[in-house]
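Take a look at the structure below.
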Amino acid sequence: MHGGVAILMAAYLLGGAVAAVQPNVEPIKAFCVDFNWGPDGFAPPGMYAKASAKEHFEWYRALGANTIQTFCVSCPGYAWYRSEVAPAQPGMDGDFLKEITALGHGAGMRVMGYFCIGANANWSKTHPELTHNLPNSISIPFTNEYLDYLGKIITEALTKTDIDGFMIDWVYNASHFYPDKKYAWLDCEKKMYQELFNAPFPGDAAMDKDKIDEFNRRALERCWQRIHSAAKAAKPGCVIWLTCFDLQHPQLKNSRMLKEVDWLMNEHTDPQKLLDVQSSVGPQTKLIQCVCGWGDQHNAAKIMSDPRFANWGWYGYAKADPNTTLPPNDDSANAKNIAFMREAYGKN
């Protein structure tokens, strides 16, 4: 999946585009045991708090992963380490993120955290005037107040836990994000407009789709600058890893974030989505395809066996079982994809 294979990859064509040639480095073999979700949306605080760093580390090692992706702050808004910025996961035994990082590093593995940028249930609860009332959805406008929080929590997580970097998910400004939802412009968004355009908010009628798209692009650009500067100031060599289910979304297309992010992952089941944006990423950016997480929509065997993608990084995730806090050992499509990943990771 790496080395000389990268040179050969230039010969493969897909849809008229040459497959991306990745840097000549060890391939990324990553996985995440997902603590974001419970039975009815975001997991309630404490649902997975009994998770053992040692048991989880052993699960990842048995999978053959060289990159553990776990959590700084999961979608419910609680930290998986002893944070002074965000509330810690209630009932957490020990210091999960810090402990699994030490174990992973001891085995020569990378350990990556996670922040859900567009949603945080605790932030929405404590700052209702700064969020849209859309539970379990992208709901947070990128106000300066929120960006201040992100800067502090990113800095703290990197310096307190020794993680190698972090994934950022749902990186979309929430303003009028869902076409099927009814929105009212929040006062904080009108203030954002003044800051981003250096002009007063023009009123609802003037905010057509083009104007909304431009507003959101500028909001995302400001958010990315804050994430990038906080992370690289705290730990210059850290990895910022963007996961995305719509790499062609108007907020992301040709964005500075796509050019500057260290790792870029396509969460969508179709790897063509990643090929379509490869000309928009920076020369240093590593490309990763998600092959597990959306049940039978993902097909790890088909994608990972395709020589066109042989030098990409791989990633999968699965919702944690409430009792074991590990992925269920069942006959689900996710479990079948995990089984193939275990075989593939062991061969490379």
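Each reported figure results from applying straightforward, stated rules to the coordinates on display, with no laboratory input. Quantities reported herein were computed from a predicted structural model and do not represent experimental measurements. Methodologically, a virtual Cβ is constructed for each residue, glycine included, from the backbone with ideal geometry; neighbour enumeration extends over all protein chains shown.
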Task: GluC sites (Glu not before Pro) lying in DSSP loop within the range 52-84, provided at most 13 other Cβ fall within 10 Å - done: GLU84
Task: For LYS319, residues with placed amide H under 5 Å, excluding near neighbours - done: ASP34
Task: Size of electric dipole in the range 14-170: Cβ of Lys, Arg +1 and of Asp, Glu -1, about Cα centre, debye, nearest 20 - done: 220 debye
- [ ] Would you list, by chain and number, the lysines whose Cα falls below 30 Å from the Cα of LYS50, excluding same-chain residues fewer than 8 positions away?
- [x] LYS29, LYS98, LYS125, LYS152, LYS160, LYS235, LYS319, LYS336
TODO: For the chain, build the charge dipole from Cβ charges (+1 Lys, Arg; -1 Asp, Glu) around the Cα centre, then report which of PHE57, ASN337, SER305 sits farthest towards its positive end.
DONE: SER305
- [ ] Can you tell me the dipole magnitude for the range 5-347 around its Cα centre, using point charges on the Cβ only (Lys, Arg +1; Asp, Glu -1), in Debye to the nearest 20?
- [x] 600 debye
- [ ] Taking only Cα atoms and a 10 Å spring cutoff, compute GNM fluctuations for the chain and point out the largest among GLY165, GLY106, GLY313.
- [x] GLY106
Open item on the list: If you take every DSSP beta bridge fully contained in the chain, what fraction is antiparallel? Give it as a percent rounded to 5.
Closed with: 15 percent
TODO: Work from the charge dipole of the chain (Cβ charges, +1 for Lys and Arg, -1 for Asp and Glu, about the Cα centre) and give the residue of MET257, ALA88, ASN144 farthest towards its positive end.
DONE: MET257
